[in-house]
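J.: Quick one: the structure is below, questions incoming.
The values are calculated or read from the model by the stated rules, or taken from the named source; none is laboratory data. Computed from a predicted model, the values in this text were never measured in an experiment. Cβ sites come from the backbone with ideal geometry, for glycine too, and all protein chains shown count toward neighbours. To get the accessible areas, we keep the full protein, side chains included, count just its heavy atoms, and leave off ligands, DNA and RNA. Shrake-Rupley method; radii C 1.70, N 1.55, O 1.52, S 1.80 Å.
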Amino acid sequence: MLLTRHARERLAKRLAKRRKLERIYSELWDFIDRSVRLAPREGVAIFTDGRKSLVCAELPCERLSREKILKRVEGIRDSYECVFFDERMVKLTTPKKFLELIPEGNYCFYINREKKSLYIGTRAPLLAITLRPAKRSERSAFRERRG
């Protein structure tokens, strides 16, 4: 999962209480673990814990092997926000150095050179847009699914 600047600020303020990248993502993954995923329409996902809701948009990705991903990021020298969802790892580093930590396999790959962010994982990437209070319908859907 990648974050917009707005979502990063909201997560830092409401969940993490600190602005360190690792802390923000750690709190984000804890939130996702205790929440329910709702899909109100195509391309949108909402994670809710009954009190707060994280609104996300699905991003397009390519399914590539680790070697092909290495070839795609070979010339990049800048630091990127790199996310490996499967092992819940996030680092601010060069993509080539980050890929050394990733095991062999086929992954969904998404890169945004303008925002300097990279996503690798077995699931399709999501872009967190905002964290907001849960709506009444989201609270009731959470209660139904959690019992």
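J.: Take the Cβ-Cβ distance between Leu70 and Glu9 as r, set R0 to 25 Å, and report the resulting FRET efficiency rounded to the nearest 0.05.
T.: 0.15
J.: Something else now. Return the percentage of antiparallel bridges among DSSP beta bridges fully within the chain, rounded to the nearest 5 %.
T.: Details: 29 of 35 bridges.
Counting DSSP beta bridges with both partners in the chain, the antiparallel share is about 85 percent.
J.: In the chain, what cysteines have no partner Cβ closer than 4.7 Å?
T.: Cys56, Cys82
J.: With labels modelled as points extended 7 Å from the Cα through the Cβ direction, what inter-label distance (nm, one decimal) is found for Ala57 paired with Lys116?
T.: Reported label-point gap for Ala57 and Lys116 is 2.2 nm.
J.: Across the range 32-84, how large is the tail of the calculated P(r) beyond 14 Å, expressed as a percent of all Cα pairs?
T.: Cα-Cα pairs of the range 32-84 separated by over 14 Å account for 69 percent.
J.: Given the rule -39500 (n - 2.57) for each run of at least 4 DSSP H residues, summed and divided by the residues of the chain, what is its mean residue ellipticity at 222 nm, to the nearest 500 deg cm²/dmol?
T.: So the calculated ellipticity at 222 nm is -8000 deg cm²/dmol.
J.: Take Leu101, project a point 7 Å from its Cα along the Cβ direction, then tell me which residues of the range 115-136 have their backbone nitrogen under 19 Å from it.
T.: What the label zone holds, given the 19 Å backbone N cut-off, is 116-123, 125-126.
J.: How big is the Kirkwood radius of the range 105-144, worked out from every pair of different alpha carbons and given in Å to one decimal?
T.: 13.0
J.: Which residues in the range 127-145 place their backbone N less than 19 Å from a point set 7 Å from the Cα of Arg88 along the Cα-to-Cβ direction?
T.: 127-128
J.: Can you give the relative contact order of the chain as a percent, counting alpha carbon pairs under 8 Å and 6+ residues apart?
T.: Values: 263 pairs, mean separation 45.7, N = 147.
Averaging sequence separation for qualifying contacts and normalising by length gives 31 percent for the chain.
J.: Note down the magnitude of the dipole of the range 45-147 about its Cα centre, charges +1 on Lys and Arg C-beta and -1 on Asp and Glu C-beta and zero elsewhere, to the nearest 20 debye.
T.: 480
J.: Still on this model: What whole-number value in Å² describes the accessible area per residue of the range 1-87 for a 1.4 Å probe? Working shown, then result.
T.: Details: 4830 Å² over 87 residues.
Ligands and nucleic acids excluded, the figure is 56 Å² per residue.
J.: Expressed as a whole percentage, what fraction of the accessible surface of the chain belongs to carbon and sulfur atoms when a 1.4 Å probe is rolled over the protein heavy atoms?
T.: 46
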